[in-house]
């Protein structure tokens, strides 16, 4: 990428130099008015055409082809190595011999293959708690005729992500966590008027008999009077599987868009959960079928460094954008 960037800069510098030489020559050979007209109609147009960015639709189409390529590779590799995904371990390479045969983990079958068409920036602290946001500049310039909504599931005592989003945008944050009673100390008082917290859990189906109660995403949206979530941040220790399946059911694919613009999620493959490669990839492909495309990922290696779960890398962070969402500020102007 750096090589291509440097080459592009060099080409633009050469182009500018040539244009200046031509203008200097014409300055002494023609009346100044003719030079000015020629410069604006010829050189300016040529430079603008060279430097213009391709259309967003073209960019998205190419990114979609990159994603489709990885889906094809996913199924081909699983079929070649195991015949069926139900036979594939989450982490097949456990020693040098198995690595020579199967040099991958389950995360390699869910790569971040779709390019974010805007800037990508880490929001919040370094390490556990911060999230990668696609198009942060788009949220900073959010249209004034609609409200920017952020839902945050799983807060604990770390609210640096919420604090930075509130400080840099006009978005409103609705946060939920059954294990704590409020935001972390990072949230500054001047942002309190746009920060809402409730001590509840997140599930695929609402269950108010529990203490604290658990709610589906769709029911929380109804309670808040929302029909759309611009950004959903989720770190809820395996409950992400049931919660997003519940959203998938509540907003069925038959004519309804999944009302999420961008998803930042930490996925947990805890051994005690009984999750398998088949369960995970079936769930992942349900998300893909609704338009969610992984555009950024980073491993959470704390389980490895803490010697938990056989030192398997059981956690990973993903940022996903919804390409089938007609309200998404990343792909549409409203």
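Every number here is computed from the coordinates shown, using simple stated rules; none is lab data. Owing to the predicted nature of the structure, the values given are computational and were not obtained by experimental measurement. No Cβ is skipped: glycine too gets one built from the backbone with ideal geometry, and neighbour counts run over all protein chains shown.
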- Message: With an 8 Å Cα cut-off and a minimum separation of 6 or more residues, compute the relative contact order for region 56-322 in percent.
- Response: 16 percent
- DSSP beta bridges in region 210-334, what fraction antiparallel, as a percent rounded to 5? 75 percent
- With each pseudo-label sitting 7 Å past Cα toward Cβ, what's the residue 80-residue 190 distance in nm, one decimal? 5.7 nm
- Would you list 148, 134 from fewest to most Cβ contacts within 10 Å? 148, 134
- Decide, for region 56-322, between rounded, prolate and oblate: order the square roots of the alpha carbon gyration tensor eigenvalues as a ≥ b ≥ c, take rounded if a/c falls under 1.5, and otherwise choose prolate if a/b is larger than b/c, else oblate. prolate
- Query: Using a basic spin-label model with each label point 7 Å from the Cα along Cα→Cβ, how many nm lie between residue 211 and residue 70?
  - Reply: 4.5 nm
- Item | Gain in span if fully extended, residue 286 to residue 272, counting 0.36 nm per residue against the direct Cα distance | 2.8 nm
- Task: Along Cα→Cβ, 7 Å out, is where each label goes; now give me the distance between the ones at residue 249 and residue 226 in nm to one decimal.
- Result: 2.1 nm
- Message: Just want the ordering: 88, 126, 165, 77, from fewest to most Cβ atoms lying within 10 Å of their own Cβ.
- Response: 126, 77, 88, 165
- Task: Could you please rank 69, 198, placing first whichever residue has the fewest other Cβ atoms within 10 Å of its Cβ?
- Result: 69, 198
